[in-house]
Structure formats: C-alpha cells, structure tokens
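Note sheet for the following structure.
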Ligand code: A2P
C-alpha cells in the first residue's frame, strides 16, 4: 500500500512511522506531509530518510492517508483526499457523522463495511476505556459508567509534552512557569479542563467519551459520565472506572473475561504492588487493567483502573490496525 502520513512531525505522526515499522505493515511507498515549516526536513523509516513535504491542496498520490494534523486540517482536506484514497482520520471532525465508521478493530471491525473513504479513529481516552469495558459489557451488560481520567501532556500533541518539560525545568530553577497549550501551568499541578466547556458543564473531551463509547459499542442505552483531568505525565492516559452491570459480576469473573480479551494486559496483583501505571504502559500496544474490585456503591458494580499509551492504542496503533483491516475481508 502507498501510505501518506499527514502531520508526520507531530506526537502521533512520529508514532505512526514507528508502528508501521513494528507491525511490518506492507508499505510500497511512504509520503510524509506536515506544515510548510517542516518542508525539506526528513524522518527515518526502515533505515531510510524520507522527505517531508508541505501539504498540498490536492488529492494525495497514496492509497491510504493517515491523518493526524488536527480537526481543522481534516475538515478542510479529508473530502479532497477521499476522492483518491481511504482516509483514516485521527481528529474528531467526522466521528459523529452517521455515515462515517468509528472503529476499534478488536470491538467493531465489522462496522468498517460500506465506508465512504473516510474512517474515524476514536478519541484516545475512549479507545483505552472501551478496550476493558467492551469485553465486560459483552459478558455482563454494562448499564452505567463513571470515569475519572488522568490524561498525559502528549494528549495535547508535541507542544504539550514540550510545555511540561520546559515548565518543569523553569519550576525547579525557581522561575515563573510559562504556559500556552494548557490553561494553567501543568508541572506539579492537575487541571480538570480538557477541550472546550459545553452548555451542560461538561467539557467536549468528557462528552466525546459518552458519544464515542455508545457508537463504538453499538449501544445507545449505555450511560457514561466522565471527568477528564490533565496530569503532569508525558504519555499514557489512566482512568478510574466504575461500572454498573445488568447481571451479577464478581472481580474473579471480570478477571477471567479480561484475561482473554484481545489487546488487554491484566495487571492486577496488589499484594505484590502490581497494578496499571503510566510507567509500565508507556510504549506498550496493550492496555493495562487492574485494581479490579467490587463496587461499594452499586449492586452488580465493579471498580477498576486502566492505563494505556494514548499515542499508541489511543491513536497511532489503532489507526494502523484500521489500515490492516482494509487489507483483508472483514468477518461480520
Ligand atoms: P509541523 O510540525 O510542520 O507544524 P501535534 O499534534 O503533535 O501538535 O502535531 C501536529 C502535526 O500537524 C504536525 O506534524 C504539524 O506539522 C502538522 N500541521 C500543523 N499545521 C499544519 C498545516 N497547516 N498543514 C499541514 N500540517 C500541519
């Protein structure tokens, strides 16, 4: 396949290069696009330097476009790219369009059928949540979900990581901490504000978790309430999750289901201090799940903790997995 990466120099773009390599994706030709600022620079792929081009306003000469340059670029250009290529879009621009599949391959690969050359890659927090939630939902019927997130700086792109590192140095040097990407200085702080506030008091990031969980799991009845919080880590989103199920559930039964779930690593041995952590989930394709215990609030309720590398399963890995689906007939 001829692959084009739009936003190749970004936090997700760089991971796309590495995931294509690690998964031995059959790339016959690779084109890298970014802003005019990056044109003429290059990035390494399979040992060779590949030139970065300024994004043209025309269709791109590739079979698949992996787009990760933000919603405004996708909104403007994806319809143009889709004339000649299949677009796998990492932004939220098309996710809620009923004609655009929103895919997590382990969960709803079948929904890719009938796509019209634009396929949406989910919000990072949602992708990580549903990896654990969906297998439990299938087995026990999830009704209501409460999620509190601990989201890393790289969720805001390369500039978010840079702002955290630079701000930490400033803080340690006793200087005022500058901030631009985040609403407040992030070092030694947590910020309960990701994306724009909506009329109902939730942020758009929090609403995405509801909308996208329903769409990916194909269940408009499931209720999800989220509090999304930025924390001073570089990568990996962690989430504390409480779920009320239709049917009785025990931690042992949940562990059994999650043990066999694709893309999930059960890390749940508190006696030996083993539980999900950004430290261990960084760079990992699988999502870690642990701290599984019976809810003290809901009958048929379960509490657990997940940690997933949101640049990977929440973005680049999931996008490449979608591209892999395009290569093979999809089972129903
Ligand atoms: P550049 O590095 O040249 O600015 P991140 O999500 O980490 O912030 O990365 C955003 C990505 O989107 C980068 O690769 C960035 O390229 C790219 N980008 C930003 N603006 C444009 C644009 N107008 N046209 C093409 N790519 C863009």
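Coordinate-derived values only; no laboratory data. Since we're looking at a predicted model, the values are computed, not measured. With ideal geometry, Cβ positions are generated from the backbone for all residues, glycine too; neighbour counts draw on all protein chains shown.
For the chain, a Gaussian network of Cα nodes joined below 10 Å ranks 276, 98, 135 by mean-square fluctuation, and the top entry is 98. Which of these, 116, 22, 75, has the largest mean-square fluctuation under a Gaussian network model of the chain (Cα springs below 10 Å)? Per the Cα network of the chain with a 10 Å cutoff, 22 tops the list.
Spin-label model, residue 225/residue 75: points 7 Å from Cα along the beta carbon direction are separated by 3.0 nm. The modelled label-to-label distance for the pair residue 196/residue 168, using points 7 Å beyond Cα in the direction of Cβ, is 3.2 nm. Shape class of the range 124-238 from the Cα gyration tensor (axes a ≥ b ≥ c, square roots of the eigenvalues): prolate, since a/c reaches 1.5 or more and a/b is larger than b/c. Mind running the shape call on the chain? Use the C-alpha gyration tensor, a ≥ b ≥ c as the square roots of the eigenvalues: rounded below 1.5 for a/c, prolate if a/b tops b/c, oblate otherwise. Note, shape of the chain comes out oblate.
Report note on the peptides 164-172, 8-16, 319-327: ranked by the mean count of other C-beta atoms within 10 Å, highest first, their order is 8-16, 319-327, 164-172. If R0 is 45 Å, the Cβ-Cβ spacing of residue 299 and residue 189 corresponds to a FRET efficiency of close to 0.75. Model label sites at residue 159 and residue 291, defined 7 Å from Cα along the beta-carbon direction, differ in position by 3.1 nm. When the Cα gyration tensor is reduced to axis lengths a ≥ b ≥ c, the ratio a/c is 1.5 or higher for the range 68-124, and with a/b not above b/c it is classed as oblate. Taken over the range 83-156, the ratio of Cα radius of gyration to 2.2 N^0.38 Å equals 1.24. From most to least packed by mean Cβ count within 10 Å, the peptides 186-194, 123-131, 267-275, 299-307 give 123-131, 299-307, 186-194, 267-275.
The distance separating the Cα centre of the range 273-332 from that of the range 201-260 comes to 10 Å. In the chain, the calculated helix contribution to ellipticity at 222 nm averages -9000 deg cm²/dmol per residue, counting -39,500 (n - 2.57) for every DSSP H run with n ≥ 4. Evaluated at q = 0.16, 0.17, 0.22, 0.32 Å⁻¹, the base-10 log of the normalised Debye intensity for the range 39-88, with identical point scatterers placed on the Cα atoms, takes the values -0.52, -0.58, -0.88, -1.19. Distance from the Cα centroid of the range 96-151 to that of the range 30-52 is 31 Å (rounded to whole angstrom).
Relative to the current alpha-carbon distance between residue 180 and residue 24, full extension at 0.36 nm per residue lengthens the span by 52.4 nm. Taken over the alpha carbons of the range 265-332 as equal point scatterers, the Debye sum produces base-10 log I(q)/I(0) values at 0.12, 0.14, 0.19 Å⁻¹ of -0.46, -0.58, -0.80.
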